[in-house]
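Contents: one structure, followed by commentary.
The numbers here are math on the coordinates, done by the rules we state, and not lab data. Bear in mind the structure is a predicted one, so any value in this text is a computation, not a measurement. Don't worry about glycine lacking a Cβ; one is built from the backbone with ideal geometry, like all the others, and counts go over all protein chains shown.
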Protein chains: 2
Amino acid sequence: MSRKVALVSAGMSRFGSRPETPKALFDEAWREMAGRAPTWSGKADEAWIGTVGFGGHQPGNSAALFLQGTPSQGAPAHRVENACASSGFALRNAFLALRSGAVDTAVVAGVESMTPFTKGHRGYWLGVSGDTEVERASGLTFPGVYAMMARAHMEKFGTTRDQLAAVAVKNHAFGAHNPHAQFQKATTLEKALAAPMVADPLGLFDCCSTTDGAATLLLVGEERVPEFTDKPIWLTGSGAATDTLALHDRKDFTTVAAATQAGAQAFKGTGKSVADLDFAEVHDCFTIAELLAIESLGLVKPGQGGPAAAAGRTNVGGDLATINPSGGLKAKGHPLGASGAGQAVEVFEQFHGLAGGRALADAKLALTHNVGGSGATCAVHLWQKGWA
Amino acid sequence: MSRKVALVSAGMSRFGSRPETPKALFDEAWREMAGRAPTWSGKADEAWIGTVGFGGHQPGNSAALFLQGTPSQGAPAHRVENACASSGFALRNAFLALRSGAVDTAVVAGVESMTPFTKGHRGYWLGVSGDTEVERASGLTFPGVYAMMARAHMEKFGTTRDQLAAVAVKNHAFGAHNPHAQFQKATTLEKALAAPMVADPLGLFDCCSTTDGAATLLLVGEERVPEFTDKPIWLTGSGAATDTLALHDRKDFTTVAAATQAGAQAFKGTGKSVADLDFAEVHDCFTIAELLAIESLGLVKPGQGGPAAAAGRTNVGGDLATINPSGGLKAKGHPLGASGAGQAVEVFEQFHGLAGGRALADAKLALTHNVGGSGATCAVHLWQKGWA
């Protein structure tokens, strides 16, 4: 048996439009994490930091910079870049390293500063993670790519704009209770449907926003847990997969094969299944992406995501796992490389009773699902509350 | 005991000025690696790919693209970016993952396409891995940064331009026997010293070149070795460290603290020391960097690198480990993200009798040393020949 891995602290910056440098956002997240681990020296054995473009401030070798000025300065640090799944893959690296026994304490982080680009070529910059050869050359940016996926899903399954909007309404309602969220305001189906079209059939409320932010996690090997907490969250499963960058190279783009594969790997050997999940933070960069996520992970059958969302099955009180209690990328915001780590912060806050008005009763098992591009990379992790 | 990790195959593209796409260079390296592992299905459990800028072709999510069209398509893949140490850190991730037991077969790769930038803002692009806040803002690119390190070394220890040039002469002599090398031609001390000045005291022969290339490695857990080879190369140690990005934030820049720390970690528990090394591939992006490497790793005392190089102590027949038998970054070329993996390809070729005119007799223990920036990141690995 490999040794168990525990999440013992987590923190994040407020997500939103933030004028600070990426390093300052990282430090803000770090401080919250450190405050929640009061016995920690601040020294990690190793760090993995996910970031896509780092807001142009320090495009190369940034992992070293992030640790500067922290007690972990000098520790090995890796920058991981897998588009919007960067910190999901950073988390996987830490999981494997901790399991190996060579590393006892690991920091996982994600950081992104996007708003510096809103004055310039934001669309271009965001698009760099899309397929360059055909999609970018055709002028496709991500709203267009996901709109194609939504359109295909509508054609094949009869998914409607109302069903998509139901995802936005649910996630904004959760976001209203999350002090870290970019948008802390509920919306209605009518407002969501009336918003301007971005890329047909995706309107403004179907799309995540441009966000700056950072999130940090502290993970340790099981023998080290008592030094930090008597309430460890066990990271019981990790799965990851890749797929083609471009949609046209896939057999089907009404499903995300990498999510199915990564999900199966995360559950393997745990004796658990998606039916056991209390909640999941899934990668809802667009409302259609949340439907693709719950279908690809097997919470519902292909095509049943839309009806499930519209019927409230993924909301509090629904029969399925509650999806995106943090507000999701949709309301909490989506600072690319920070989103995967941010999902795990929500797991920490839910299990530790820090989720305020969005708290879920008796949650014990959660999943995080982080996607890069339109599904070219995907990392899935499974979290078990380690106390009664 | 954690399980042992073995290198069972390795391959690289020819390094040089290559008009192909980065993906084509990766595939070229992959084919050589696959050819050297004839029983391999081509399927790896997971892949780590180091690349800094990917020649602008696919700036984001590139790890997924590299696996496309190989039998490993769909496997989890991580892009690791730690400047010029990217694939050294990719290697460390694979080592940790294989030790964990969760991964049985891993591909480590490095890829870079630099010459597309020679027509534009090469200096800017190369500089992105340097400290942005002060060094880049002051107009410093890497030749200038290393020139400052060289000048400080000269002031403190009396290091001379002749001693620096001796590194270039040695490495170009090795490169003349390496069919993968960018420069397969020996030079002389006189020619090296007479070459144009780039950044005083570093002349043209003190600087590595602009290079395109890729290198790939296949590593497996010990129980899987017999499926691949009866001649495994054991990866017995791995160390890594970070330091401040900027020189002015360090106490001393006549030594590379991250290399000292990473080297110590790599040797820890192995019962070996630098005195046992038969050869080492060190990160000679500039001639001064090779001297800093052998001093920081402890092969010689601080300040003794220059005299050691001039006296031939690091050449064939010298009393120290032979340094950079591949020709090093200096002659083999330095395609940033590919260099760390390329160093391990040399270990494979030396141990397997594939090193032709640069073959070292009876080599059994080797070290690879890969640096990012001016020493902000460093990864060191230790390799033991697994047969008589």
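Can you tell me which of A:197, A:148, A:12 moves the most in a GNM of chain A? Springs connect C-alpha atoms under 10 Å apart.
Checking each option, the largest mean-square fluctuation is seen for A:197.
Taking beta carbons within 10 Å but only from partner chains, what does the mean come to for residues B:64-74?
Working: counts 17, 9, 1, 4, 8, 2, 0, 0, 1, 4, 7.
Going residue by residue through B:64-74 and averaging, the value is 5.
Projecting each Cα onto the charge dipole of chain A (Lys/Arg +1, Asp/Glu -1 at the beta carbon, about the Cα centre), which of A:76, A:26, A:180 comes out farthest on the positive side?
Sorting the options by dipole projection puts first A:180.
For residue A:191, go 7 angstrom from Cα along the Cα-to-Cβ vector, then report the distances to that same point in the other copies in nm, smallest first.
Here residue A:191 shows inter-copy label distances of 7.3 nm.
Rounding to the nearest 20 debye, state how big the charge dipole of the protein assembly as shown is about its Cα centre with +1 on each Lys and Arg Cβ and -1 on each Asp and Glu Cβ. Intermediate values should be presented prior to the final figure.
On the way: 66 positive and 70 negative charges, 15 e Å.
Roughly 80 debye, rounded to the nearest 20.
Mean separation of Cα pairs under 8 Å and 6+ residues apart, divided by the residue count of the stretch B:216-301: what relative contact order is that in percent? Could you put the intermediate results ahead of the total?
On the way: 65 pairs, mean separation 23.7, N = 86.
Here the relative contact order equals 28 percent.
Provide the convex hull volume over Cα atoms per residue for chain A, in Å³.
Expressed per residue, the convex hull around the Cα atoms of chain A is 123 Å³.
Run the label-point distances for residue B:231 please: 7 Å along Cα to Cβ, every other copy, nanometres, shortest first.
Sorted ascending, the copy-to-copy spacings read 5.8 nm.
Report the net charge of residues surrounding residue B:376, where surrounding means a beta-carbon distance below 9 angstrom and charges are Lys +1, Arg +1, Asp -1, Glu -1.
Values: positive: none; negative: B:131, B:243.
Within the 9 Å Cβ shell, the charges total -2.
Rounded to the nearest Å, what's the spacing between the alpha carbon centres of the stretch A:350-388 and the stretch B:235-262? Just the number, please.
If we compute the Cα centre of each part, the gap is 37 Å.
Return one number: the angle in degrees, 0 to 90 and rounded to the nearest 10, between the long axis of the Cα atoms of helix B:287-296 and the longest principal axis of the Cα atoms of chain B.
70 degrees
If you take the charge dipole of the stretch A:319-364 about its Cα centre, with +1 on Lys and Arg Cβ and -1 on Asp and Glu Cβ, which of A:334, A:355, A:345 is farthest toward its positive end?
Toward the positive end, the furthest listed residue is A:334.
Which whole-number percentage describes the relative contact order of the stretch B:198-354, with Cα contacts under 8 Å and a sequence gap of 6 or more? List each step's numbers first, then the result.
Working: 185 pairs, mean separation 48.8, N = 157.
Computed over the stretch B:198-354, the figure is 31 percent.
Quote the relative contact order of chain A in percent (integer), defining contacts as alpha-carbon pairs under 8 Å separated by 6+ residues.
Relative contact order of chain A: 26 percent.
Can you bin the protein assembly as shown into rounded, prolate or oblate? Criterion: square roots of the alpha carbon gyration tensor eigenvalues sorted a ≥ b ≥ c, rounded for a/c under 1.5, prolate for a/b above b/c, oblate for the rest. Don't skip to the end; give the middle numbers.
Working: a/c = 1.83, a/b = 1.78, b/c = 1.03.
Note, shape of the protein assembly as shown comes out prolate.
Using +1 at the Cβ of each Lys and Arg and -1 at the Cβ of each Asp and Glu in the stretch A:220-326, identify which of A:277, A:267, A:310 lies farthest towards the dipole's positive end.
A:310
Report the residue, chosen from A:116, A:22, A:71, that carries the largest GNM mean-square fluctuation when chain A is represented by alpha-carbon nodes joined by springs under 10 Å.
Maximum fluctuation in the GNM of chain A, among the listed residues, is at A:71.
Near the axis that takes chain B to chain A, which B residue has its beta carbon closest, and at how many Å?
Closest Cβ on chain B to the axis mapping it onto A, in Å: B:100, 2.
Treating the angle as unsigned and between 0 and 90°, give the value, to the nearest 10°, between the Cα long axis of helix B:339-351 and the longest Cα principal axis of chain B.
Taking Cα atoms only, the helix is inclined about 70 degrees.
Mind running the shape call on the stretch A:295-370? Use the C-alpha gyration tensor, a ≥ b ≥ c as the square roots of the eigenvalues: rounded below 1.5 for a/c, prolate if a/b tops b/c, oblate otherwise. Working shown, then result.
Working: a/c = 1.85, a/b = 1.28, b/c = 1.45.
Since a/c reaches 1.5 but b/c is at least a/b, the shape of the stretch A:295-370 is classed as oblate.
Please get the size of the charge dipole for chain B, origin at its Cα centre, with Cβ charges of +1 on Lys and Arg and -1 on Asp and Glu, quoted in debye to the nearest 20. Walk me through the intermediate numbers first.
Details: 33 positive and 35 negative charges, 47 e Å.
My answer is approximately 220 debye.
Classify the stretch B:235-316 as rounded, prolate or oblate, taking a ≥ b ≥ c as the square roots of the eigenvalues of its Cα gyration tensor: rounded when a/c is under 1.5, otherwise prolate if a/b is larger than b/c and oblate if not. Please list the in-between numbers first.
Details: a/c = 1.97, a/b = 1.05, b/c = 1.87.
The shape class here is oblate.
Using a Gaussian network model on chain B with a 10 Å cutoff between Cα atoms, which of B:101, B:306, B:11 fluctuates the most?
So, out of B:101, B:306, B:11, the one fluctuating most is B:101.
Between residue A:162 and the same site in the other copies, what are the distances in nm, shortest first, taking label points 7 Å from Cα along the C-beta direction?
When each copy's label point is compared with this one, the spacings are 8.9 nm.
Would you calculate, for chain A, the mean residue ellipticity at 222 nm contributed by helices, counting each DSSP H stretch of 4 or more residues as -39,500 (n - 2.57) and dividing by all residues, to the nearest 500? Could the numbers behind the result be given before it?
Numbers: 13 runs with 127 residues, N = 388.
Mean residue ellipticity, 222 nm, calculated: -9500 deg cm²/dmol.
Report, by chain and number, residues whose modeled amide H sits under 5 Å from the one on residue B:364, excluding near sequence neighbours (fewer than 5 apart, same chain).
Amide H neighbours of residue B:364, under 5 Å, 5+ apart: B:278.
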